[in-house]
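Some notes on the structure that comes next.
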Amino acid sequence: MTAAPLLQPATGDTHARRALALISQYRLLTTTQLHQMLTPHTPPRKIHNVLAPLRADGLVTHTVLGGRRGLQAHFLTPAGAQAVSDWPELRGRTPTTIPSPTAASLRAAHTLTGVRAHLTFLTDARNHGDEYEPLDWVPEVTHRLPDTGGEDRLIADAVFHYTANHPRLQYRAFVEIDRTTMSSERLARKLITYARFHSYTPQPAGRRGTIADQSAMLAWQRFYPRFPRILFILTGAPRPTLTKRIEDLRRMTADHDLVTRLATHVPLGAAILEDLEVHGPHADVWTPLTGSPEPRGWTQL
């Protein structure tokens, strides 16, 4: 007699679970963005079948952008945040709820612009056969800077992890999204913050104010095997304005000693979001922030 085969639990996640994880990680996602991440090869209307039970169970709600007939943008309810609080794929990320549709609308511009940038890498990875999944872009990553009790921090708009397959190489990048809502000088000063984090060695307890032991681990080595490259993605203004802001970033790299030292170890580049959406991040649309300004792909910086 042949033994009956053992029944095994499924290893794949449902679209509903993946959608809830994505909404938790990104805090706010439009229906179209969820479709592009989860089910790009199915009719767009199918994503509504994924969202409907999440809404019915009170796990997500939405706001409408651009008026009554505009885009729906989805975010977690308190019940949704509780549901995902111990999911392994979100470990280390505290679920964030947005208190109201109005509050969601107010934060939509920056949040959804970051998702637009992420989708250019996701589409490119799918086209190249590389390993880069919807959860590999982590928004709003915070690191404490030199021994200030947590008052001085680096807050990256995102960190992403990308594995190319031909040849097999692993990449990590800090991402700064610039919608031209701050001065060009303030944008360029972010390079100084990254340079400080790159050189920061925490002082051992009881040795505040002394010169750090040169053999001690640098702060970033606690989180990354190699310091991530730094990518600025600009939008929200005419091309001449964005080009000048990229020139200001190059000038900061050349003029500030700490940033210049950072650039000898870490690839730095800037690109216009609309170019990424049209041509893809692997195209020659990135301006290096040091050396020759000749455009190149992001992995060639």
task: Mark the label point 7 Å from the Cα of Leu169 along Cα→Cβ and return the residues of segment 253-278 whose backbone N is within less than 15 Å of it.
output: 266-269
query: Can you list, bin by bin at 10 Å, the percent of alpha carbon pairs in segment 38-93, starting at 0?
result: 21, 41, 34, 5
field: More than 18 Å apart - percent of Cα-Cα pairs taken over segment 92-176
entry: 56
- prompt: Hey, in the GNM for the chain with a 10 angstrom Cα cutoff, which one of Pro43, Pro139, Pro288 fluctuates hardest?
  reply: Pro43
message: Could you work out how much longer the chain between Arg55 and Asp86 gets when fully extended? Use 0.36 nm per residue separation minus the Cα distance between them, nm to one decimal.
response: 9.1 nm
- line: Sorting Tyr26, Tyr171 on solvent-accessible surface, 1.4 Å probe, most exposed first, gives Tyr171, Tyr26
- prompt: Arg179 to Glu247: extension gain in nm, 0.36 nm per residue of separation minus the Cα-Cα distance?
  reply: 22.9 nm
statement: Against the 2.2 N^0.38 Å rule of thumb, the C-alpha Rg of the chain sits at a ratio of 1.10
- request: Please give the contour-minus-distance gain from His41 to Ala237: 0.36 nm per residue of separation, less the Cα-Cα distance, rounded to one decimal in nm.
  value: 67.3 nm
- prompt: Across the chain, where is the longest run that never hits trypsin sites (Lys or Arg not before Pro) in a DSSP loop with at most 15 other C-beta atoms within 10 Å?
  reply: 92-178
- prompt: How much accessible area does Glu277 have with a 1.4 Å probe, in Å² rounded to the nearest 10?
  reply: 90
Distance between modelled label sites at Arg107 and Thr299, nm, 7 Å Cα→Cβ extension: 3.4
field: Protein accessible area in the chain, 1.4 Å probe - carbon and sulfur %
entry: 52
- line: Sorted list, accessible surface of protein heavy atoms, 1.4 Å probe, largest first, for Met217, Met37, Met252 is Met217, Met252, Met37
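The values are calculated or read from the model by the stated rules, or taken from the named source; none is laboratory data. Because the structure is a prediction, the values reported are computed rather than measured. We place every Cβ from the backbone using ideal geometry, glycine too, and count neighbours over all the protein chains shown. Remember, those area values only see protein heavy atoms, side chains included, never the ligands or the DNA or RNA. Shrake-Rupley method; radii C 1.70, N 1.55, O 1.52, S 1.80 Å.
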